[in-house]
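S.K.: Quick one: the structure is below, and I'll ask about it shortly.
The values are calculated or read from the model by the stated rules, or taken from the named source; none is laboratory data. Quantities reported herein were computed from a predicted structural model and do not represent experimental measurements. Because the Cβ atoms are built from the backbone with ideal geometry, glycine has one as well, and the counts that use them run over all protein chains shown. To get the accessible areas, we keep the full protein, side chains included, count just its heavy atoms, and leave off ligands, DNA and RNA. Shrake-Rupley method; radii C 1.70, N 1.55, O 1.52, S 1.80 Å.
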Amino acid sequence: MEKVTVVGAGLAGMTAAIWLARQGHPVEVLERRDGIGGPARDTEMGERTYVMADGTPMDLEGLARYTGIDISPACVPLAGLRAYVFGKRYDQVFPGNVRMYLVERGSRAESLDMFLYRLALEEGVRFTFNAPVKTRADFDRLPPGTILATGLFRETFEALGIPHTPVYGWFANRLVKEGEVPPALIYIDEHTWDYAFFSSVHGVAGALLFQRGRPLTQAAKEWFPRRLAEDEGIEFEEWLPLDIGVLPTASPRNPRLFQERFILAGTLAGMQDPVLLFGVHGALISGVIAARARRERHWALREFWRMNLLWPLSWLNRRFIELTFPWGLKGLTRLNFELYPYYSRYLTRYVLAFIPGWLRV
Ligand SMILES: Cc1cc2nc3c(=O)[nH]c(=O)nc-3n(C[C@H](O)[C@H](O)[C@H](O)COP(=O)(O)OP(=O)(O)OC[C@H]3O[C@@H](n4cnc5c(N)ncnc54)[C@H](O)[C@@H]3O)c2cc1C
């Protein structure tokens, strides 16, 4: 069987690698960093280790059928979410038919990244670390059909000429004791046209304020730590600027499965990215589509567009928010949270359950 190269040992890249190895291909994954999920791989938190829990709605059984990978051991169920929307608090309980989960990201043993890594090793996937593919010349050396799954890192977007938007972050994390902090909080406010998020899983808590397209102001950087402390009594010793990278939300036509001689996967492919909460789910599905695209081009293209059906709508929603910020965001989000208890059951039963690529994979 032909050898396949995958660039990027993240969620999409490792899912693709596992799928291809199971088909009998020798697979090599090239990863820029010195290990999975970041610089530190010990159980204590390294100085600048990015450890955070991503919250995501998932149909774990459907996902397992689609990918052949049961990720449930790496998922912690999340019953609800506390939201602060322009200063007003909402305690949202997710309806029974939406299953939300927290998954740890990063380099610790409990993370989803490490879960996939162990599986990939069992399947015989070879990893080469400290192997960045960055310049145009690096890309030209890759064999045709290489799967690129480099996430939010900007080099690939630049080398392949894919429109992208920078993402600015303000981040803190620390170890916490069981029950010390809530599992998930979200803040929506005039300080960012995206949102701020706090999450905690497996004894680690992370807080991230971010914004696409324009840097965070000093007032925003002071606002989020202050709100966390005053609303929830959560404090961090140190906050750091985080260069999150870029997102492909710059163009309504951005999602792409093929580019030049390459197959794209995960965030780089634009997979379901406009709604960040679909990111984990989208990356896993996308890994399978990219892996199968090598032999089943038509099937893969059909699946890819089915999964990205909502992209233009989401892009329009985004533009509306940016053009009318902060009033558009305030109006839409407040209305959404006020009405959520009334419509959520119906929404999930009659609308969300039919969105391809999410609950119905
Ligand atoms: C601020 C923010 C918050 C988010 N919150 C959530 C959330 O709550 N829920 C959710 O579902 N999703 C969330 N997401 C999205 C989610 O993180 C991504 O969708 C998911 O990680 C994408 O997987 P991936 O495989 O494309 O990229 P990644 O998992 O990031 O993997 C990319 C890999 O490629 C490697 N790499 C990069 N460049 C190179 C190179 N040049 N050469 C070699 N290797 C390279 C990287 O080191 C990394 O290992 C969030 C994203 C952001 C930006």
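S.K.: Identify the residue in region 315-361 that is among the small types (G, A, S) and under 20 Å from T56 (Cα atoms) and, among all such residues, is modelled with the lowest pLDDT.
M.R.: The extreme case among them is G357.
S.K.: Another question, if that's okay. Between V288, V246, which is within 13 Å of the ligand (Cβ to nearest atom), closer than 19 Å to R154 by Cβ and surrounded by 16 or more Cβ atoms within 10 Å (Cβ to Cβ)?
M.R.: Just one listed residue meets the conditions, V246.
S.K.: Given (1) within 15 Å of the ligand (Cβ to nearest atom); (2) open to solvent by 60 Å² or more (accessible area, probe 1.4 Å); (3) β-branched (V, I, T), identify the lone condition not met by V93.
M.R.: (1)
S.K.: Return yes when P77 is more than 16 Å from the ligand (Cβ to nearest atom) and either surrounded by fewer than 18 Cβ atoms within 10 Å (Cβ to Cβ) or free of Cβ contacts under 8 Å to residues at least 12 places away in the same chain (or both) and no when it is not.
M.R.: In short, no.
S.K.: Does I234 fit the bill of being buried (at least 19 other Cβ atoms within 10 Å of the Cβ), of a type in the set (V, I, T) and more than 21 Å from the chain's Cα centre (by Cα)? First the steps, then the outcome.
M.R.: Working: buried (at least 19 other Cβ atoms within 10 Å of the Cβ): yes; of a type in the set (V, I, T): yes; more than 21 Å from the chain's Cα centre (by Cα): yes.
Taking the combined requirement at face value, the residue satisfies it.
S.K.: Pairs needed: first member in region 216-234, over 12 Å from T192 (Cα atoms); second member anywhere, of a type in the set (G, A, S); C-beta distance under 7 Å; at least 6 residues apart or different chains.
M.R.: The qualifying pairs are L228/A207.
S.K.: Mind listing whichever residues of region 138-150 are open to solvent by 20 Å² or more (accessible area, probe 1.4 Å) and either touching a helix residue (DSSP H, G or I) at 6+ places or on another chain (Cβ under 9 Å) or away from the ligand (no atom under 13 Å from the Cβ) (or both)?
M.R.: Taking region 138-150 first, the residues open to solvent by 20 Å² or more (accessible area, probe 1.4 Å) are 138, 140-141, 143-144, 150.
Listed by number, the residues that qualify are D138, D140, P143, P144, T150.
S.K.: Conditions: (1) modelled with pLDDT of 95 or more; (2) within 14 Å of the ligand (Cβ to nearest atom). L228 meets all but one. Number of the miss?
M.R.: All conditions are met except number (2).
S.K.: Then there is this: Listed residues P241, P255; which is assigned to a strand (DSSP E or B) and more than 12 Å from the ligand (Cβ to nearest atom)?
M.R.: Numbers: P255 fails: assigned to a strand (DSSP E or B).
That would be P241, the only listed residue that is assigned to a strand (DSSP E or B) and more than 12 Å from the ligand (Cβ to nearest atom).
S.K.: Is it fair to say Y168 is touching a residue at least 40 places away in the same chain (Cβ under 8 Å), buried (at least 17 other Cβ atoms within 10 Å of the Cβ) and within 12 Å of the ligand (Cβ to nearest atom)? Please lay out each step first, then the result.
M.R.: On the way: touching a residue at least 40 places away in the same chain (Cβ under 8 Å): yes; buried (at least 17 other Cβ atoms within 10 Å of the Cβ): yes; within 12 Å of the ligand (Cβ to nearest atom): yes.
Yes.
S.K.: Turning to a different aspect of this structure: What is the number of the single condition among (1) within 22 Å of the chain's Cα centre (by Cα); (2) open to solvent by 30 Å² or more (accessible area, probe 1.4 Å); (3) modelled with pLDDT of 90 or more; (4) not hydrophobic (A, V, I, L, M, F, W, C) that E122 does not meet?
M.R.: The single condition E122 does not satisfy is (1).
S.K.: Hey, another quick one. Any residue in region 103-113 that is closer than 30 Å to L228 by Cα, among the aliphatic types (A, V, I, L, M), surrounded by fewer than 21 Cβ atoms within 10 Å (Cβ to Cβ) and modelled with pLDDT under 95?
M.R.: yes
S.K.: With respect to the numbered conditions (1) open to solvent by less than 10 Å² (accessible area, probe 1.4 Å); (2) in a loop (DSSP other than H, G, I, E, B), which one is the sole condition not fulfilled by G282?
M.R.: Condition (2) is where G282 drops out.
S.K.: Go through (1) open to solvent by 20 Å² or more (accessible area, probe 1.4 Å); (2) free of Cβ contacts under 8 Å to residues at least 60 places away in the same chain; (3) more than 10 Å from the ligand (Cβ to nearest atom) and name the single condition F198 misses.
M.R.: (1)
S.K.: In region 291-305, what count of residues is obtained for those that are of a type in the set (F, W, Y) and within 16 Å of the ligand (Cβ to nearest atom)?
M.R.: 1
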